[in-house]
Structures are given as C-alpha cells and as structure tokens.
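First up is the structure itself, then whatever we jot down about it.
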Amino acid sequence: MASSSVTADLLADTIHALQSGLTSLPISQAMDTTEAWQQQFLQSGIPELQDIAREIGNFQSLLTSQPLDGPALGRSLGMLGAQISDILPHAPEDRKLGLSQLSTLLLRIGGELETDNNGR
C-alpha cells in the first residue's frame, strides 16, 4: 500500500465515519474518502486491490445517481466488505485489525441497506 501513515489515518477515519452512520456523512466527504482509497488501490499494482478500486468506482457511480438505489448501494458495500475480508491474510500485521473492522462494518451496513429497502 501507499504511505503507511496516510493509510493508517485513512483507515481510522473511514472506520469512524462508518461507525457514525452513513446518513451523517456528507456525500462530498464520502466521495473524497472513496477517491483516496481508489487511488491507493489502483496505484498498488496488486490485482486484488485493483479489483477493490473498481468496486469503489461502482459505489461512487451509485452514490451520485438519482434517485439513490439503497439495495444496489448495499450490494456494493457488501462486495467491498467481502473483498477486504479476502485480502486480510495478506495485509500487513499492523493493518489487519482495522481492515477486519472495516470489512465487518461494510458487510453489516451493506446488508442493512439491502434488507431495509427490499421490503418497501
């Protein structure tokens, strides 16, 4: 991954934002955060991280479409959570806990978005 301190800060900030709830996060901040992740993953040269970057691009497209499609956003977040879970065995030791938390949050929030909106 890119600069270690930047990645650590970005990881901590992303986890905090997700724990605060998606609705409390302005779309502009979500776009900035996802863009920062996408650039790091694209520049990594690692195919698995580049796959995550592509899914982040999909999520960004969904986030800027009107009207918002909750189930589609949920599926994208769930995919990101699963992809992050898949890279955990290869992650640096000092990032595994944070990435695990991020994966769990994305899977939970993604599932909630799919469930909440499918019943309507």
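The values are calculated or read from the model by the stated rules, or taken from the named source; none is laboratory data. Just so it is clear, the structure is predicted and the values come from calculations on it, not from any experiment. Ideal geometry is used to build each Cβ from the backbone, glycine not excepted, and the neighbour counts take in all protein chains shown. Only protein heavy atoms, including side chains, enter the accessible area calculation; ligands, DNA and RNA are left aside. Shrake-Rupley method; radii C 1.70, N 1.55, O 1.52, S 1.80 Å.
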Seminar exercise, completed: Heavy-atom accessible area with a 1.4 angstrom probe orders THR104, THR7, THR34, most exposed first, as THR104, THR34, THR7
Problem set entry | Residue-span extension gain [ALA82 to SER100] - 0.36 nm each, minus C-alpha spacing | 5.5 nm
Seminar exercise, completed: With Cα coordinates, the longest principal axis of the chain makes an angle with the long axis of helix 4-20, in degrees rounded to 10, of 20
For this session: Could you work out how far helix 47-64 tilts from the main Cα principal axis of the chain, as a 0 to 90 degree angle to the nearest 10?
Result: 30
Exercise. Of all the accessible heavy-atom surface of the range 6-55, with the other protein chains kept in place and a 1.4 Å probe, what percent is carbon and sulfur?
Worked result: 55
Exercise. How much area per residue is accessible in the range 45-120 when the probe is 1.4 Å and only protein heavy atoms are counted (Å²)?
Worked result: 54
For this session: Please work out the FRET efficiency for the pair ARG108 and ILE46, using the Cβ-Cβ distance as r and a Förster radius of 22 Å; give the result to the nearest 0.05.
Result: 0.30
For this session: Please find, in a Gaussian network model of the chain (springs between Cα atoms separated by less than 10 Å), the residue of GLY74, GLY98, GLY45 whose mean-square fluctuation is greatest.
Result: GLY45
Seminar exercise, completed: For the GLU93, SER61 Cβ pair and Förster radius 41 Å, calculated FRET efficiency rounded to 0.05 is 0.75
Exercise. Along the Cα-to-Cβ line of MET31, 7 Å from the Cα, sits a label point; which residues in the range 39-62 have backbone N less than 15 Å from it?
Worked result: 57-62
For this session: With +1 on each Lys and Arg Cβ and -1 on each Asp and Glu Cβ, and nothing else charged, work out how big the dipole of the range 17-104 is about its Cα centre, in Debye to the nearest 20.
Result: 120
Exercise. Once you put a point 7 Å from the Cα of ASP116 and another 7 Å from the Cα of HIS16, both along the Cβ direction, what distance in nm separates them?
Worked result: 2.3
Seminar exercise, completed: In terms of the charge dipole of the chain, which places +1 on Lys and Arg and -1 on Asp and Glu at the beta carbon, the residue among LEU105, ILE56, PRO71 farthest towards the positive end is PRO71
Problem set entry | Cα lying deepest toward the dipole's positive end in the chain, options THR115, HIS16, GLN43, charges on Cβ | THR115
Exercise. For the chain, what's the relative contact order in percent, using C-alpha pairs closer than 8 Å and at least 6 residues apart?
Worked result: 27
Problem set entry | Helix-only mean residue ellipticity at 222 nm for the chain, each DSSP H run of n ≥ 4 adding -39500 (n - 2.57), per residue, nearest 500 | -27500 deg cm²/dmol
